[in-house]
Amino acid sequence: ADDVAGDVDNRVAPVSMVPACGVFKKFGPEGERVALDFLPRAQPHQLVQLFAAEQGGGEFRALCHAAAVQHWGADVKSDVEQGSEKEQGSTRSAKHFGYLVDAVTSMFPQAYCRVAPRVWEAARSIPLVAGESAHEEHVKRLLTGRVPQLDMIPQRWWHCADWRMVKEQDLVRMVCAGVAVSPANLAWETLGWATQQAILQADLVWNNIGLLVDYAPMVMGGIAVYLERIFNLLGDANVAKQTLVQLGDGLNQEEQQASGWNKLVHRLLTCLRRRVQADNMLTSREQVLLFQGCVGRADNSNSALLADMMESKNVDPVHVAPLVKYVLGTRGFNKQVRDSALRAMMRLEPSDRNTLHSHLLDTDAKLPLQVLFSLAVTSLHATVIPLVLKQLNLLSPEEWIELIGLIKDANPMHGPVHTFPRSLGNLFHERMLVQYLSDKNRDLRLFHLFVTCSPPEAVPGYLLDILARQLHELDDTLLGALSRSPLQGHQFRNVIEYIPPPKWTVHLDWMLARVRESSNPSDLFASIHEILGHKTFCAFTKCQLYSLILHSAHMGLDGKLLKIPNIRSSIWRSLHAYVPSNDRSLWITFFKESWILGEPPTQHDRESELKEALDKHQKGLREIGLTHQEVQELGVDTVARKLLISMAPNLAIPRYGVDILKIDPNFAS
């Protein structure tokens, strides 16, 4: 039985004490026992030597991996206690810690959580000595990719943490403990406002102009205190010598400082623009602090950024009034910045704008022309107008020309003007006209400004005056201006007298449009009739009358001008007076257009007019009846066709008889 039992025992396979332990598979139970007896007591330097890859230990380390993770690390301090007495304690501790870090990071990282307390206990045994950087590298390797447990890690090594893994509450704790925390190592914009404040106000960042410039604009809350600090540092002599000179370009130290200053400010303004574009607007105080710091020192590039900070897309209109007041009341900003401030002033609420106007004008000194220009083209409160007039009275003739030039240049080359003196047009309109007439290029913007600034009823008088003085020809520019102004009868006559006979046909639309708009169109049309009788029109009368009839028939007041009795009578008289006796084509045209409009409405009246007009003609109806062409032209409606059948039956019946019978079957009887 014993033999049998022994045979059975020999046949039972042994079981590994550590699942997946490669030593058991390779060397069997005895090899596993030896390894498990050694690993709990193994010192870090022994593990490093035993498992060093260059000594062929890589394969053996893989075999022992599972067992080492489970059992290694019983006493990691014993190497310090049992070290060579020939070595100083600090040296032994440092070497021991280095071996320990190698064992954890390179060989058995899974064992870190279990042996971490002993690892950091060993780290505490390393005294602060010169050459600390070597030990820092060990700690950084150990903490890479791991969330640091600050209660476990010695404070002296907190700065070695993997910053990507540090929790926000631990960041605040580290800052309060004096650890140098740089925003450059953090996901800065994801941090809370309190954390950002703590980091920015720590010595590392507070005294570093570069870090403040790059990261202060990116915080969630207010930045007034940081803007003050930035510009204080920029004005500090030590910073100027050290930082600005190194950053700047130039042949001497002064040029280098100026260049370095603008480079840092450019970084600041760029970051602030990104902040504003993210809808994190600057407050009134922050805006003023920024512009106060830049006044008199910003180059063209930075001035462009400052100007952009005041445009509508980049500024909160509720907070811009104090900034506009500061910029316009301070000398030292270039034209681009002041122009932007002037545009911002135009967008202010009326109450804020009026207050700002009063503030700017409350001085005996002469305002800059840019400011005066902005005031002049604004709708001014009644209390502000006397103050602006006071400033305008201080201008010299040359300054007046420059001011009008600023207004002109603010408008587009083509199209209507949009920037003009809204409350002071009566002071500018004559000056605009004089400058237009004096301009050899005749810039039309000046003329349009004159028309816009002038009372509409005054424009015809001015234009007739310059025509009388032969300072300008009557062209489309003047006619366009006169189209927007009401013309009296005598003014209309004076204007059309300047139109030469060959151009009457071209401008007839304009003349009849004025007739149509007039409250007394018959008077204006009478002026046309009188001028047509002038001897200078002899060669053009037929052409002008033909155009007059057609235009009158197709333009009108409540329909057509030709339907107005007085105007139709005036054309009738013109035809009698000016049409040659051997040509009745204009009469045919007149009757055709009149009958189309239903004038006169009855067959009897039409017959009377037709006979009266043509029987006195050399080619009258008695001598020459209606021709085929005339019958065709005059048959515009049923009344006309019936009349034509009675007057020229041979020509009209074949053409219109059937159509009339369809409408009036009794007509044949």
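The values are calculated or read from the model by the stated rules, or taken from the named source; none is laboratory data. Since the structure is predicted, the reported quantities are computational estimates derived from the model, not experimental observations. All Cβ positions, even for glycine, are placed from backbone atoms using ideal geometry, and neighbour counts span all protein chains on display. Note: areas computed on protein heavy atoms with side chains; ligands, DNA, RNA excluded. Shrake-Rupley method; radii C 1.70, N 1.55, O 1.52, S 1.80 Å.
Figures for the structure shown
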item: Candidate set: the stretch 633-669, residues that are free of Cβ contacts under 8 Å to residues at least 24 places away in the same chain and polar (S, T, N, Q); chosen: the one nearest to Glu607 (Cα to Cα); result: Asn650
item: Count - residues of the stretch 148-184 that are open to solvent by 60 Å² or more (accessible area, probe 1.4 Å), modelled with pLDDT of 85 or more and either in contact with a Phe, Trp or Tyr (Cβ under 6 Å, 6 or more places away or on another chain) or charged (D, E, K, R) (or both); result: 4
item: The one condition in (1) open to solvent by less than 40 Å² (accessible area, probe 1.4 Å); (2) within 22 Å of Ala321 (Cα to Cα); (3) out of contact with any Pro (no Cβ under 7 Å at 6 or more places or on another chain); (4) not acidic (Asp, Glu) that Gln391 fails to fulfil; result: (2)
item: Residue satisfying condition, being within 30 Å of Asn411 (Cβ to Cβ), among the small types (Gly, Ala, Ser) and over 23 Å from the mean Cα position of the chain (by Cα), within set Gly332, Gly296; result: Gly332
item: Any hit, the stretch 288-304, residues being hydrophobic (A, V, I, L, M, F, W, C), out of contact with any Pro (no Cβ under 6 Å at 6 or more places or on another chain) and assigned to a loop (DSSP other than H, G, I, E, B); result: yes
item: Unique match (being surrounded by 13 or more Cβ atoms within 10 Å (Cβ to Cβ) and on the phi > 0 side of the Ramachandran plot) among Gly250, Gly293; result: Gly250
item: The stretch 192-208: number of residues that are assigned to a helix (DSSP H, G or I) and touching a Ser or Thr at 6+ places or on another chain (Cβ under 9 Å); result: 3
item: Hits in the stretch 435-464 - residues which are farther than 28 Å from Arg343 by Cα and either touching a strand residue (DSSP E or B) at 6+ places or on another chain (Cβ under 7 Å) or not in a loop (DSSP other than H, G, I, E, B) (or both); result: Leu437, Ser438, Pro456, Glu457, Ala458, Val459, Pro460, Gly461, Tyr462, Leu463, Leu464
item: Selection count, the stretch 355-374, where residues are under 17 Å from Asp409 (Cβ atoms) and open to solvent by less than 10 Å² (accessible area, probe 1.4 Å); result: 3
item: For Thr363: the one exception among (1) modelled with pLDDT of 90 or more; (2) farther than 22 Å from Ala307 by Cβ; result: (1)
item: Residue match in the stretch 419-428 (condition: open to solvent by less than 20 Å² (accessible area, probe 1.4 Å), within 16 Å of Gly480 (Cα to Cα) and of a type outside the set (Ser, Thr, Tyr)); result: no
item: The stretch 194-214, residues that are in contact (Cβ under 8 Å) with a residue 40 or more places away in the chain and buried (at least 19 other Cβ atoms within 10 Å of the Cβ); result: Ile209, Val213, Asp214
item: Qualifying positions in the stretch 394-408 - in contact (Cβ under 8 Å) with a residue 24 or more places away in the chain, open to solvent by 70 Å² or more (accessible area, probe 1.4 Å) and of a type in the set (D, E, K, R); result: Glu402
item: Unique match (being at pLDDT below 90, within 39 Å of the chain's Cα centre (by Cα) and open to solvent by 40 Å² or more (accessible area, probe 1.4 Å)) among Gly145, Gly235, Gly131, Gly221; result: Gly235
item: Residue within the stretch 240-254 that is β-branched (Val, Ile, Thr) and more than 14 Å from Asn302 (Cβ to Cβ) present; result: yes
item: Unique residue being under 30 Å from Tyr578 (Cα atoms) and in a loop (DSSP other than H, G, I, E, B) when the list is Leu467, Leu512, Leu474; result: Leu474
item: Given (1) of a type in the set (Phe, Trp, Tyr); (2) assigned to a helix (DSSP H, G or I); (3) surrounded by fewer than 16 Cβ atoms within 10 Å (Cβ to Cβ), index of the condition Trp504 fails; result: (3)
item: Neighbours by Cβ (under 8 Å, 6+ apart or cross-chain): first from the stretch 134-155, closer than 14 Å to Lys167 by Cα; second open to solvent by 50 Å² or more (accessible area, probe 1.4 Å) and in a helix (DSSP H, G or I); result: Leu143/Met165; Gly145/Met165; Arg146/Met165; Val147/Met165; Pro148/Met165; Leu150/Arg173
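Results for (1) among the aromatic types (Phe, Trp, Tyr); (2) part of a loop (DSSP other than H, G, I, E, B); (3) out of contact with any Gly (no Cβ under 6 Å at 6 or more places or on another chain), shown as yes or no for each residue.
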residue: Gly210; (1), (2), (3): no, no, yes
residue: Val213; (1), (2), (3): no, no, yes
residue: Ala216; (1), (2), (3): no, no, yes
residue: Gly221; (1), (2), (3): no, yes, yes
residue: Arg229; (1), (2), (3): no, no, yes
residue: Leu233; (1), (2), (3): no, no, yes
residue: Ala240; (1), (2), (3): no, no, yes
residue: Leu244; (1), (2), (3): no, no, no
residue: Gly250; (1), (2), (3): no, yes, yes
